[in-house]
Amino acid sequence: MLKVLEGESTQTLSNELQFFRERALPDLSNNIKCGNSLIGPDFYNQTEMNFLDDEEKLLINVFDWNKEFPQVFKPHPNPLLGKERELKGEVGFDVVIGNPPYVRIQAMKEWAKQEVEFYKTKYISASKGNYDLYIVFVEKSLELINKNGKIGFILPNKFLLTDYGQKLRLILVDGKIVDSIVDFGSEQIFKNATTYTCLLFLNKLDKDVILYTKISEPKTISDYPIEFNEIEYSSLSSATWLMSSDDETEIIQKLFNNSVELGQLPSKISRGSSTGNDNIFLLDEAEVRSFAIESDILTKPVFATDFNRYLFYPNNNFQLIFPYVLTNEKYLLIEENVLSIKFPNAYKYLISKKKELEKRKQYSKWYGYSAPRNLIEHSKAEILIPLLADKGLFAIFDRQEKKYTLMASGGFSILLLNSVINPFLVLGLINSKLIFWYLKKLSNDFRGGWITCTKQYFEKLPIKQNIAPNFSDTLTVLVKQHIVLKQKIQLSKTPTERTAIERQIQATDTQIDQLVYQLYGLTEEEIKIVEGKT
């Protein structure tokens, strides 16, 4: 009825509105409710909540679904069921739809601490670690529908893969609740926000498969008929949902045949350090000279721009003040009195910045880093991983007896512990098309084909065990050859020379890929799937 008013003149609109007001439009006052749909009156059962003042209670605005929608949540007469059963009608909504808010609890803690803690105790999906608020809305919606009810949400597709989505995935798998998923991958749906979304359709009807499709072209839904893959519930757990076709599932099974996850080698995958204020701790060469900073307290920072595929080539012009000392296989913060005596110029510089350093959100002492993560592991690590990659961009960490510090923006490092597999072999595997294909299925998609390379995904990469020595030696030689060629291209003097080296690099890449395909036992058809040729 509202739709028919579009495009009408002001006078006609006035007349029709008067008509609808008197004759046709229903009273909507009981349809639109205001309140926090995730928090009910039981919020005040927690003792500490009784101490909230009136303003805080008004802000939280608890919502009682049973009271606000009694016609929905109380058994009601159903004439189709007969008199003896007329008070056993359906309880709950037929349909719940929405676009829930996407808010990480790290942000919510700043302005809604009580709510964050309540969600952890009230909802299974929020009970462990960090989470995003939209996860809780999905769980709540399952409480609101009746046994034949349906749910339709648009929400971030990260819950399919991330650690914080694990509890929700467990709920969905155990109840076989998912009907279908339309995954937009890295395609952008909202005009004014960069979000990576999917359509999630749920119901409580018993089913054996999930219908899944991934939209890979920037078209509207109406341009398709959508073709779905059937994903069997038996193939899913609360672990990462890969949503693979049957052919892809067979490839993944081959990847894990006689393999071990990278995180189980054993190895350590460690995030770089954060100073909390790089403007103070990072100095260019001119500033080092100007403040006469002692060289023994300086290291070279490593950013993601200091390495790429196979090659480590630090090319930034910064030095990093590093107020830590190696003691019994640990890096400890230098005591302030020792710092002032041993490095007087560095101390003088830092104390001039003390007020600024104390404005940081976290630190142990005012002149220490905010997050001095895994310093000893980075000092021994063999491989570097950037935060984002569009192909294998992983490099050997070649220090050449120089002091380096991996920064948080630099990504992660891998330290192989007592492993019989050498780092050059691991580097060849993770840079191959095959292993990156699997990493891409595990990780979050971003526009342009980029993915995140965080520890939770990287540690799940399958590393083949018991590799024949001749095979291992061949792959190691090719990786070392690739590194040498990358170094040569940095020194090439003419376009012709550069082109010739690039061709050699491409040929070496192809040889490595073919060896890895052979190692994991892929067929020609399966290689075409990995390379996107089918």
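The values are calculated or read from the model by the stated rules, or taken from the named source; none is laboratory data. Quantities reported herein were computed from a predicted structural model and do not represent experimental measurements. Reconstructed Cβ throughout: ideal geometry from the backbone, glycine too, with neighbour counts over all protein chains shown. Just so you know, the surface numbers come from the protein's heavy atoms only, side chains and all, with ligands and any DNA or RNA stripped out. Shrake-Rupley method; radii C 1.70, N 1.55, O 1.52, S 1.80 Å.
Hey, what number do you get for the chain at 222 nm if only DSSP H runs of n ≥ 4 count, each worth -39500 (n - 2.57), divided across all residues, to the nearest 500?
-10000 deg cm²/dmol
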### Message
Using the Kirkwood formula on the Cα atoms of the stretch 233-277, what hydrodynamic radius do you get, in angstrom to one decimal?
### Response
13.8
### Task
Please report, largest first and rounded to whole Å, the three semi-axes of the ellipsoid equivalent to the stretch 459-534, where each semi-axis is the square root of five times an eigenvalue of the C-alpha gyration tensor.
28, 17, 10
## Note on the structure
Applying the gyration tensor rule to the Cα atoms of the stretch 115-156 (axes a ≥ b ≥ c; rounded if a/c under 1.5, else prolate if a/b exceeds b/c, else oblate), the class is oblate
## Note on the structure
In debye to the nearest 20, the charge dipole size for the chain, taken about the Cα centre with +1 at each Lys and Arg Cβ and -1 at each Asp and Glu Cβ, equals 1380
### Task
Positive end of the charge dipole of the chain (Lys, Arg +1 and Asp, Glu -1 on Cβ, about the Cα centre): tell me which of Ser125, Ile145, Ser409 has its Cα farthest that way.
Ser409
### Message
At 1.4 Å probe radius, can you tell me the per residue accessible area of the chain in Å²?
### Response
54
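How big is the equivalent ellipsoid of the stretch 227-349 along its three axes, where each semi-axis is √(5λ) from the Cα gyration tensor, reported in whole Å from largest to smallest?
Over the Cα atoms of the stretch 227-349, the ellipsoid semi-axes are 48, 18, 14 Å.
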### Task
Return a whole-number percent for the relative contact order of the chain, with Cα pairs under 8 Å and 6 or more residues apart as the contact set.
11
### Query
How far is helix 113-122 tilted off the main Cα axis of the chain, in degrees rounded to 10, range 0 to 90?
70
### Message
With angles folded into 0 to 90 degrees, how steeply does helix 10-23 sit against the dominant principal axis of the chain? Use alpha carbons for both and round to 10.
### Response
60
### Task
Just tell me which lysines come within less than 17 Å, Cα to Cα, of Lys354; anything on the same chain fewer than 8 places away is out.
Lys365
### Task
Rounded to whole Hz and in sequence order, give me ³J(HN,Hα) for the stretch 271-277 from the Karplus expression 6.51 cos²θ - 1.76 cosθ + 1.60, θ = phi - 60°, writing x for Gly and Pro.
6, x, 8, 10, 7, x, 7
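Of the cross-linked pairs Lys140/Lys460; Lys330/Lys359; Lys214/Lys380, which ones have a Cα-Cα span greater than 29 Å in the structure shown?
Distance filter (> 29 Å) returns Lys140/Lys460; Lys214/Lys380.
I need the shape label for the stretch 371-526. Rule: rounded when a/c is under 1.5, else prolate if a/b > b/c, else oblate, with a, b, c from the alpha carbon gyration tensor.
Numbers: a/c = 1.31, a/b = 1.10, b/c = 1.19.
In terms of gyration-tensor shape, rounded.
Could you tell me which of rounded, prolate or oblate describes the stretch 321-361, using a ≥ b ≥ c as the square roots of the eigenvalues of the alpha-carbon gyration tensor, with rounded for a/c under 1.5 and, failing that, prolate when a/b is larger than b/c and oblate otherwise?
Taking the square roots of the gyration eigenvalues as a ≥ b ≥ c, the stretch 321-361 is oblate.
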#### Entry: Debye log10 I(q)/I(0) for the stretch 98-231, one point scatterer per Cα, at q = 0.20 Å⁻¹
-1.27
### Query
For Lys147, which lysines qualify as cross-link partners when the Cα separation must be under 21 Å and same-chain residues fewer than eight apart are set aside?
Lys67, Lys74, Lys88, Lys176, Lys204, Lys207
### Acute angle (nearest 10 degrees) that the helix 495-519 long axis makes with the longest principal axis of the chain, alpha-carbon atoms
60
### Task
May I have the extent of the alpha carbons of the stretch 306-436 along their three principal axes, as whole Å values ordered from largest to smallest?
52, 31, 25
### Query
Taking a quarter of the surface of the Cα convex hull of the chain, what do you get in nm²?
37.6
### Query
Can you give the charge dipole size of the stretch 280-381 about its Cα centre, rounded to the nearest 20 debye, using +1 on the beta carbon of Lys and Arg and -1 on the beta carbon of Asp and Glu?
340
### Hz values of 3J(HN,Hα) by residue in the stretch 359-372 - Karplus curve (6.51, -1.76, 1.60), Gly and Pro given as x
7, 5, 6, 8, 5, 7, 9, 4, 9, x, 6, 5, 9, x
## Note on the structure
Carbon and sulfur atoms account, in whole percent of the 1.4 Å probe accessible area of the chain, for 51
